[in-house]
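Worksheet: the structure to be examined is printed underneath.
The values are calculated or read from the model by the stated rules, or taken from the named source; none is laboratory data. What you see is a predicted model, and the numbers here were worked out from it, not measured in a lab. We place every Cβ from the backbone using ideal geometry, glycine too, and count neighbours over all the protein chains shown. Keep in mind that these areas ignore ligands, DNA and RNA; they rest on the heavy atoms of the full protein, side chains included. Shrake-Rupley method; radii C 1.70, N 1.55, O 1.52, S 1.80 Å.
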Amino acid sequence: EDQVTQSPEALRLQEGESSSLNCSYTVSGLRGLFWYRQDPGKGPEFLFTLYSAGEEKEKERLKATLTKKESFLHITAPKPEDSATYLCAVLLSNQAGTALIFGKGTTLSVSS
Amino acid sequence: NAGVMQNPRHLVRRRGQEARLRCSPMKGHSHVYWYRQLPEEGLKFMVYLQKENIIDESGMPKERFSAEFPKEGPSILRIQQVVRGDSAAYFCASSPRAPGDSRGTEAFFGQGTRLTVV
């Protein structure tokens with residue numbers, strides 16, 4: 001069964017303490033991997049799309065990387081405003097792969 | 001350029017009533033997705049529509065749920081005879097291109113409709 005697993009479920013960091021979030025997937029084919037940020041009571045906000053192993057994307061303090069079986073979201077010197085739930089999703093290449101399949105997310109808390 | 005607009009933001013219905021959730025995609029987007037999010041669970045795909053057509057409804061419950069995306073107007077997710085288990089946040093997302101398009105298929109989400117069934 002296709003599955004997207006994110007770890008850890010929750011992460012507490014001090015301001016400036018860099019870390020990484022993991023998204024692993026067991027899928028029969030991948031057309032793309034997406035990262036979103038979700039604040040409480042809001043809809044997911046698009047961050048990155050990665051299409052092939054070895055690809056990297058950066059935006060401010062965030063950098064996303066992709067291998068054949070997992071993706072990492074690296075957060076460098078985080079600030080309290082980076083606190084949110086980060087969602088990973090995959091787009092499959094099989095016949096039923098018309099929509100994103102999401103993991104349960106990693107809830108990040110950054111304290112000053 | 002307005003983002004994906006969903007209304008209402010909050011909806012309270014009594015058991016047995018109908019719930020109608022509306023979604024206006026971003027300008028120029030003809031692909032719409034509906035997702036449901038329950039507490040402590042991830043976003044679950046329900047249905048994918050392209051103007052006037054249902055492309056994939058594999059995540060939609062077989063009974064009581066229906067969706068449409070008419071030529072004019074917003075996409076509608078309709079839940080008939082609601083039950084307490086339907087209480088959740090329902091999100092709509094839109095994209096300018098079909099899944100797998102080599103030009104990119106990012107989907108942009110609305111703020112959601114939070115349905116409470118009492």
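Collect the residues in segment A:4-26 that are of a type in the set (Val, Ile, Thr) and surrounded by fewer than 20 Cβ atoms within 10 Å (Cβ to Cβ), keeping them in residue-number order.
Within segment A:4-26, A:THR5, A:THR26 meet the criteria.
Where in segment B:7-118 are there strands (runs of 3 or more DSSP E), lying fully within it, with 3 or more residues that are at the interface with chain A (Cβ under 10 Å from one of its Cβ atoms)?
Result: B:31-37, B:43-50, B:88-95.
Listed here are the residues, each with its yes/no results for (1) open to solvent by 20 Å² or more (accessible area, probe 1.4 Å); (2) out of contact with any Pro (no Cβ under 9 Å at 6 or more places or on another chain); (3) within 19 Å of A:ASP39 (Cα to Cα).
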{"site": "B:ARG15", "(1), (2), (3)": "yes, yes, no"}
{"site": "B:ALA19", "(1), (2), (3)": "no, yes, no"}
{"site": "B:GLU63", "(1), (2), (3)": "yes, yes, no"}
{"site": "B:PRO74", "(1), (2), (3)": "yes, no, no"}
{"site": "B:CYS92", "(1), (2), (3)": "no, no, yes"}
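Among (1) surrounded by fewer than 20 Cβ atoms within 10 Å (Cβ to Cβ); (2) in contact (Cβ under 8 Å) with a residue 24 or more places away in the chain; (3) part of a loop (DSSP other than H, G, I, E, B), which single condition is A:PRO78 missing?
That leaves (1) as the condition not met.
Please work out which one of (1) touching a residue at least 60 places away in the same chain (Cβ under 8 Å); (2) within 14 Å of chain B (Cβ to nearest Cβ); (3) surrounded by fewer than 16 Cβ atoms within 10 Å (Cβ to Cβ); (4) within 24 Å of B:GLN111 (Cβ to Cβ) is the condition A:GLY29 fails and give its number.
(4)
Show me the strands (runs of 3 or more DSSP E) entirely contained within segment A:1-46 in which 2 or more residues are within 20 Å of A:ARG61 (Cα to Cα) and more than 13 Å from the chain's Cα centre (by Cα).
Fully inside segment A:1-46 and qualifying: A:10-14.
Look through segment A:91-112, keep the residues that are at pLDDT 90 or above and over 20 Å from A:LEU13 (Cα atoms), and return whichever of them is most open to solvent (accessible area, probe 1.4 Å).
A:PHE102
Can you name the number of the only condition in (1) open to solvent by less than 30 Å² (accessible area, probe 1.4 Å); (2) part of a strand (DSSP E or B); (3) within 14 Å of chain B (Cβ to nearest Cβ) that A:LEU73 fails?
(3)
Within segment A:33-48, restricting attention to residues that are closer than 13 Å to A:ALA64 by Cα and of a type outside the set (D, E, K, R), which residue is surrounded by the fewest Cβ atoms within 10 Å (Cβ to Cβ)?
A:PHE46
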